[in-house]
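Shown next, in structure tokens, is the structure this report addresses.
The values are calculated or read from the model by the stated rules, or taken from the named source; none is laboratory data. Given the structure is predicted, the values throughout are model-derived calculations rather than measurements. Cβ coordinates were reconstructed from backbone atoms using ideal geometry, including for glycine residues, and neighbour counts include every protein chain displayed.
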Amino acid sequence: MALRIHLNAAVALVLLSVLAACSSAPKQPEWIDKPDAEYPAHTHLAAIGSADNRPLAADRAVSNLSKIFEVAVAESSLDFSSAQLSSTGGQQVSSNEQKVTRSVSTEAKQVMSGAQVVEYWESEEDARIYALAILAKQPAANRFRKSITTSDREINELVNYATSKAGNPLVALKALKKAHGLQLERDQLNKNLMVVASGQGVDGRYDLPAIEKLIRDGLSTLKIAVKADDPSVKAELQKAISDLGITTAQQSNLVLQGTLDTAPVEARQNWYWLRGSYELIFFDGSNVLDKQRWPIKVSSTEQNLLKQRARDEINRNLPQYVFDMLSSAPN
């Protein structure tokens, strides 16, 4: 009987130990499943991240927080690949449909400058560490508005300079290209502001279509002569200029010279490779305003396709090359 009592007592002690251990196990915090549990959605943005160590969990939490903004890098270039040539009255007319190009950014340092990692929790079940990152909406909104105000002031100054003070179309084009890049950045800032300000953005004096129209109008005032030893290179360069809405002239002080240089074809592992470069030189009379060179590399399993592929690559990029040169040439 005494033995049975001792056994029952021992079992009871084991059960009490298990229950005590269970009761002392850390309870999963509410923010794991509901990040805004402790920081209300009307005042903060919140996101969590997990990893097997604290620094990585924190980085992932901030990264997940930045994805709310869908941050984009603003490209200061225009996409001229959609330019179309149509025939009107026996003459070719360029319908230059320029499109903004953007790429997703993996860096959001400016956007996330106010982000904080405020909580950590380690799960004993899977040894994962969870981190909670937050961003206070009002301070973020203030930063975005301040940046937008600065961008608007710079854009207005550049457009005013290009339209009323620039000494020549090339100087104006350079200013408008810079304004275009700033407008892209400004539009992204405004989108970020709307995320933290309940959809309320800030209207600006200009927008991208307005600036792009000014760029097209500026390009249409230019008259450029084309020079090339190779008739094919000359024809391609003339087409690129026309696609930009620029008038090609037989005689002009402004001259674009194009040269295509290629190395001998290389054969490796049943593939043929053609490498070379395309060079543009921009003249004003006898003065060289700018000179730029772009690499070319194409491959094919059939050697006879290489030249055409090189031509296709050049024609696809040449309008952008010409625009970049005209809008960055020293003057």
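Going residue by residue through region 181-200, is there one that turns out to be surrounded by 14 or more Cβ atoms within 10 Å (Cβ to Cβ) and closer than 30 Å to residue 255 by Cα? Within region 181-200 (the criterion being surrounded by 14 or more Cβ atoms within 10 Å (Cβ to Cβ) and closer than 30 Å to residue 255 by Cα), the answer is yes, since at least one residue qualifies. Are any of the residues in region 121-144 of a type in the set (S, T, N, Q) and surrounded by 16 or more Cβ atoms within 10 Å (Cβ to Cβ)? Looking through region 121-144, none of the residues is of a type in the set (S, T, N, Q) and surrounded by 16 or more Cβ atoms within 10 Å (Cβ to Cβ). Could we say that residue 312 is under 30 Å from the mean Cα position of the chain (by Cα), acidic (Asp, Glu) and farther than 25 Å from residue 170 by Cα here? Here the answer is yes, as residue 312 does meet what is asked.
Filtering region 25-53 to residues that are of a type outside the set (Asp, Glu), more than 30 Å from the chain's Cα centre (by Cα) and not in a loop (DSSP other than H, G, I, E, B) leaves 31, 32. Among the residues making up region 295-312, those that are among the β-branched types (Val, Ile, Thr) and closer than 16 Å to residue 268 by Cβ are 298, 301.
Within region 306-328, the residues that satisfy the criterion of being without any contact (Cβ under 8 Å) to a residue 24 or more places away in the chain and out of contact with any Lys or Arg (no Cβ under 9 Å at 6 or more places or on another chain) are 308, 312, 317.
Among residues belonging to region 165-208 that are of a type in the set (Lys, Arg) and assigned to a loop (DSSP other than H, G, I, E, B), point out the one that is modelled with the lowest pLDDT. For region 165-208, the residue satisfying everything is 165. Of 248, 221, all but one fail to be in contact with a helix residue (DSSP H, G or I) (Cβ under 6 Å, 6 or more places away or on another chain) and loosely packed, with under 14 Cβ neighbours inside 10 Å; the exception is 221. Residue count for region 188-230 satisfying the condition of being farther than 19 Å from residue 153 by Cα and acidic (Asp, Glu): 3.
Residue 59 passes every criterion in (1) under 26 Å from the mean Cα position of the chain (by Cα); (2) part of a strand (DSSP E or B); (3) at pLDDT 65 or above; (4) charged (D, E, K, R) apart from (2). Screening residue 243 with (1) under 28 Å from the mean Cα position of the chain (by Cα); (2) under 15 Å from residue 228 (Cβ atoms) gives one miss only, at (2).
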